[in-house]
């Protein structure tokens, strides 16, 4: 009885084993497959990772290279600034910067030719000009003692105004009778002035206690901290001046002019009527100071070009005209140089009136220059000398670090 | 390890997709980055594909057999690539401009100090903040001048200003010329959309809103800022010239509203540069190293799926 049953059971058992084995094999197969799958995906991730790393490495390489170049460029730039800043001084300005000012002047002349006319304004817009700078004006000039010295004039020797030595003329001065409306060159508020209603940016009622007011010499534009030493006049000139026992010339910060006349220089001595007989002109222009302010001013006077036409420069051996004009105050404390062309500009004016009134002493009476193609520091007050010259004339503010050209 | 088909070996083996060959990066399927691949290795493959990568992968397999085939077809590619973001010329001109602009501002301050000298009598009429006769503040207060050591250095300021103005001008002219010739202007000049985008971007930056509008190389705010600063540079040159030669170019000076107005404009443009600088540096710091580095090395690491900038340069 049991044989058949046993056989059945045995068969069943075998089937079961086989099934289990098959299942196990299947499982193994599946496991194997899954492991393979995982392996593939893991390896793929690793591969992607490696590729990403390669990108990053490449970036790093580029970055290192670029930062090396950048560091070299930065060092070069720093070196350039350092070189610029430590270049030897030429009239209180680093030589490369001074050189660039000359290049700029050349470019300006080439492009604009200094022939542009400054815009003019209605008289109603004009105002009283600030007084700013009193070099050469510290004493009042006795009007009767005024003469305009002219040197280098054509055929001067044959003119009645000719003298053998223009420097021998003695100007007479007297103590200031009237201070200007604002004599604020010292940057200290005049005691007489009431500060009521005035802005008080320093919170010191304008007493000159603020940092802006302190520390500088009389000059607004150059202080003791300016780099480079004073410009010295040639020693033989100083010696000659000393021998003459006159008041030494060039008493302000920039010192004596190298272009001031040597004693014994022949030329013309003109009275004011030689100028006032020229055609009278009026001009309302904007006066611009390099300090940063500007004012519309009503000028009256005579064209410098007309005076030059009346007393033209002596031609050189080759028939050409001298290139420059030099002007200074009677005491030689303030002086300016110009190109002859700038002086021939139709708006270059020998101003004898300002705001419809005769020029005040503190504005440069009897005659000052107005030249709207130049900054204010070229518009010399109380002109004592006009000299034609072929050598670049000395210039007060140029010696203290400013541009000689100063063209607007 | 899946085998790589020979024909594609070159592009993937090298591991550096050439930035110019935009076609390659566009045709390759998106891949998860390394970290995601590791974390999701046990998950079904479908889930392992990062869904936020935007570009749907066509090679997502459904059966192992298909998958193996597809992996053989598609070689492994990097998830990132180097994007040439800033051309060499732009980088040089950008970095040259940095010290030069600062030299111009510094030397300008040395010059400008002189206008505030003698302030009791003539307080700076031009450089003030105020309406009519009411003046809120005059620029600058004495402590500021002291801080930057400006007093009595006018000649130095003038010397530097009239030296570096050439570098500033030439660099600016070269920059604009390069933009025009290379087509780079297309990524810089704002479109109509940029103005709305700029508002959104600003709100996001101020944490008042979430979600930046889509952008290519620059967002709307950047386009406006970078174009404005170039125009400001032009403005500085023009106002500067009208102050430098107010008699010879008096027609420009007059157009600008006169000499004092031109000085006012020149001054406030400079203040604008300073404001730009502060925001610019702040944003660069926030944007991080990858972005900053690209202004030095030219290359930024971007997701491989990111569209190339070349097309924007070409067609905008």
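The values are calculated or read from the model by the stated rules, or taken from the named source; none is laboratory data. None of these values were measured; they are calculated from a predicted model. Glycine also receives a Cβ, built like all others from the backbone with ideal geometry; neighbour counts cover every protein chain displayed.
Values for this structure:
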{"item": "Matching residues in the stretch B:150-163 - criterion: being facing chain A (nearest Cβ under 9 Å) and in a loop (DSSP other than H, G, I, E, B)", "result": "B:151, B:152, B:153"}
{"item": "Residue count, the stretch B:245-256 (criterion: closer than 24 Å to residue B:97 by Cβ and without any contact (Cβ under 8 Å) to a residue 12 or more places away in the chain)", "result": "1"}
{"item": "Among (1) at pLDDT 90 or above; (2) under 18 Å from the mean Cα position of the chain (by Cα) - the single one residue A:124 does not satisfy", "result": "(2)"}
{"item": "Conditions (1) modelled with pLDDT of 90 or more; (2) more than 15 Å from residue B:222 (Cβ to Cβ); (3) in contact with a strand residue (DSSP E or B) (Cβ under 8 Å, 6 or more places away or on another chain): number failed by residue B:294", "result": "(2)"}
{"item": "Failed item in (1) more than 8 Å from every other protein chain (Cβ to nearest Cβ); (2) under 20 Å from residue B:103 (Cα atoms); (3) in contact (Cβ under 8 Å) with a residue 40 or more places away in the chain, with residue A:86 passing the rest", "result": "(3)"}
{"item": "Filter result for the condition that a residue is within 30 Å of residue B:298 (Cβ to Cβ), in contact with a strand residue (DSSP E or B) (Cβ under 9 Å, 6 or more places away or on another chain) and surrounded by 11 or more Cβ atoms within 10 Å (Cβ to Cβ), over A:85, A:52", "result": "A:52"}
{"item": "Selected residue [modelled with pLDDT of 85 or more and either farther than 20 Å from residue B:241 by Cα or more than 17 Å from the chain's Cα centre (by Cα) (or both)] from B:201, B:176, B:167", "result": "B:167"}
{"item": "Count of residues meeting criterion [farther than 24 Å from residue B:175 by Cβ and in contact (Cβ under 8 Å) with a residue 12 or more places away in the chain] in the stretch B:206-233", "result": "2"}
{"item": "Test: residue in the stretch A:269-280 that is assigned to a strand (DSSP E or B), out of contact with any strand residue (DSSP E or B) (no Cβ under 6 Å at 6 or more places or on another chain) and at pLDDT 95 or above", "result": "yes"}
{"item": "Selection count where residues are more than 10 Å from chain A (Cβ to nearest Cβ) and either buried (at least 16 other Cβ atoms within 10 Å of the Cβ) or at pLDDT below 75 (or both), scope the stretch B:108-132", "result": "4"}
{"item": "Given (1) modelled with pLDDT of 90 or more; (2) not in a helix (DSSP H, G or I), number of the condition residue B:279 does not satisfy", "result": "(2)"}
{"item": "Flag for residue A:69 being under 26 Å from residue B:300 (Cα atoms), within 8 Å of chain B (Cβ to nearest Cβ) and in a helix (DSSP H, G or I)", "result": "no"}
{"item": "Subset of the stretch A:99-131 [over 20 Å from residue A:289 (Cα atoms) and facing chain B (nearest Cβ under 7 Å)]", "result": "A:100, A:112"}
{"item": "Set B:292, B:276, B:267: member being in contact with a helix residue (DSSP H, G or I) (Cβ under 8 Å, 6 or more places away or on another chain), farther than 30 Å from residue A:372 by Cα and within 14 Å of chain A (Cβ to nearest Cβ)", "result": "B:292"}
{"item": "Residues of the stretch B:177-211 that turn out to be part of a loop (DSSP other than H, G, I, E, B) and surrounded by 14 or more Cβ atoms within 10 Å (Cβ to Cβ), as a count", "result": "4"}
{"item": "Residues being away from every other protein chain (no Cβ under 14 Å) and over 18 Å from residue B:270 (Cβ atoms) - total across the stretch B:227-253", "result": "1"}
{"item": "Selection count, the stretch B:69-80, where residues are modelled with pLDDT under 85 and either buried (at least 19 other Cβ atoms within 10 Å of the Cβ) or within 7 Å of chain A (Cβ to nearest Cβ) (or both)", "result": "6"}
{"item": "Residue A:49 being at the interface with another protein chain (Cβ under 8 Å from one of its Cβ atoms) and in a helix (DSSP H, G or I)", "result": "yes"}
{"item": "Counted residues, the stretch A:380-399 - those being surrounded by 22 or more Cβ atoms within 10 Å (Cβ to Cβ), part of a loop (DSSP other than H, G, I, E, B) and on the phi < 0 side of the Ramachandran plot", "result": "7"}
{"item": "Filter result (facing chain A (nearest Cβ under 10 Å) and either crowded, with 19+ Cβ neighbours inside 10 Å or touching a helix residue (DSSP H, G or I) at 6+ places or on another chain (Cβ under 6 Å) (or both)) within the stretch B:164-176", "result": "B:164, B:165"}
{"item": "Test: residue in the stretch B:297-313 that is part of a helix (DSSP H, G or I), within 10 Å of chain A (Cβ to nearest Cβ) and within 14 Å of the chain's Cα centre (by Cα)", "result": "no"}
{"item": "Candidates A:44, A:92, A:34 - the one that is surrounded by 12 or more Cβ atoms within 10 Å (Cβ to Cβ) and part of a loop (DSSP other than H, G, I, E, B)", "result": "A:92"}
{"item": "Neighbours by Cβ (under 6 Å, 6+ apart or cross-chain): first from the stretch B:144-163, surrounded by fewer than 19 Cβ atoms within 10 Å (Cβ to Cβ); second outside any helix (DSSP H, G or I)", "result": "B:146/A:211"}
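Residue-by-condition table, conditions (1) within 25 Å of the chain's Cα centre (by Cα); (2) at pLDDT 95 or above:
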| position | (1), (2) |
| --- | --- |
| A:357 | no, no |
| A:369 | yes, yes |
| A:391 | yes, no |
| A:397 | yes, no |
| A:402 | yes, no |
| A:408 | yes, no |
